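To start, the structure under review is shown below, and the notes come after it.
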Amino acid sequence: VQLQASGGGLVQAGGSLRLSCAGSGRTFSSYTMGWFRQAPGKEREFVTAISWSGWNTYYADFVKGRFTISRDNAKNTVYLQMNSLKPEDTAVYYCAAKYRSAAGDMGAIPPDYWGQGTQVTVSS
């Protein structure tokens, strides 16, 4: 599976962005998808995941109520809607795929595939 993330940019605090991650291959619907982020000088951290079926989602506490993950298996795409953005959300955001894992496990088990990052910058 090859993953291509897009949608990053510069936004003011309180604003919104939607990231997309397009996957290749006919088995996209068999992969649990997740988003991670890495801020300058910090380790990569888990943000959110959605199960391969789309029925289950899991969020890190720091984005609950602000970010929403969704997927469209017909388009081989996963989305991350980010609202009420804060300067501390500034990071490179990466999408990732793990074969049929539970959404809640994406933060603990290394993904099978990574996409390239997309930069999100939130100004104060």
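Readers should treat all values here as calculations from the given coordinates under stated rules, not as data from a laboratory. Computed from a predicted model, the values in this text were never measured in an experiment. Virtual Cβ from ideal backbone geometry, glycine too; neighbours counted across all protein chains shown.
Two-decimal Rg/Rh of segment 6-66 from alpha-carbon positions, Kirkwood Rh? Show your work: numbers first, answer last.
Working: Rg = 13.5 Å, Rh = 13.6 Å.
Here Rg/Rh amounts to 0.99.
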nm² value of the averaged projected area, convex hull over the Cα atoms of the chain
6.6
Give me a comma-separated list of calculated 3J(HN,Hα) values for segment 38-49, in order, Karplus coefficients 6.51, -1.76, 1.60 applied at θ = phi - 60°, integers in Hz, x for any Gly or Pro.
9, 8, x, x, 10, 7, 5, 10, 6, 10, 6, 8
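Quick one: dipole size for the chain, taken about the Cα centre, charges +1 on Lys/Arg Cβ and -1 on Asp/Glu Cβ, in debye to the nearest 20.
Working: 12 positive and 8 negative charges, 48 e Å.
The dipole magnitude comes to about 220 debye.
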